[in-house]
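S.K.: Before I ask anything, let me first share the structure, which is written out below as structure tokens.
The numbers here are math on the coordinates, done by the rules we state, and not lab data. For clarity, every value in this text was computed on a predicted model and none was experimentally measured. Reconstructed Cβ throughout: ideal geometry from the backbone, glycine too, with neighbour counts over all protein chains shown.
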């Protein structure tokens, strides 16, 4: 009998309400609504390139800013990854991808060690892409690392366009 590697996480706080469903052995299907268009786009790219099925329905206090929503979705994704992987049997502990996106080149290296750590060496030229604060890319991946028990290194090798850089980060993480 084949084990289904999936998880569902519901998070309700005074700032956010998030339902996230993840199936590791999917086909890249996605249904994502974060109320932050650029961030939703990045999560759909993660799903498509990882071949994980991902559903996210998120509501947050965007009248304050996008930080709570982005970080809390990272918490949920990290928890879902940890739950779906379970005892970590039959997986590769380490992973690495280097991804180009036009002029941008990004490397992401992972270790599913159980020890949470984010090393984020990415400089961006823009502080916002639409309503999305680009500083929250690091906050998202820090939350994923902390709640998945994952060591994540994200390095910008070269690039100048913030959209391209962030897109390469999400695709490489996938």
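S.K.: What number of residues in the range 90-147 are assigned to a loop (DSSP other than H, G, I, E, B) and closer than 20 Å to residue 78 by Cα?
M.R.: Result for the range 90-147: 11.
S.K.: Also, quick follow-up: Is at least one residue of the range 57-78 without any contact (Cβ under 8 Å) to a residue 40 or more places away in the chain and either under 21 Å from residue 139 (Cα atoms) or assigned to a loop (DSSP other than H, G, I, E, B) (or both)?
M.R.: So far as the range 57-78 goes, yes, one or more of its residues are without any contact (Cβ under 8 Å) to a residue 40 or more places away in the chain and either under 21 Å from residue 139 (Cα atoms) or assigned to a loop (DSSP other than H, G, I, E, B) (or both).
S.K.: Same structure again: Pick out the one residue from 124, 156, 112 that is more than 22 Å from residue 39 (Cβ to Cβ) and either in contact with a helix residue (DSSP H, G or I) (Cβ under 8 Å, 6 or more places away or on another chain) or crowded, with 18+ Cβ neighbours inside 10 Å (or both).
M.R.: 112
S.K.: Does residue 35 fit the bill of being surrounded by fewer than 17 Cβ atoms within 10 Å (Cβ to Cβ), closer than 19 Å to residue 139 by Cα and in contact with a helix residue (DSSP H, G or I) (Cβ under 6 Å, 6 or more places away or on another chain)?
M.R.: Here the answer is no, as residue 35 does not meet what is asked.
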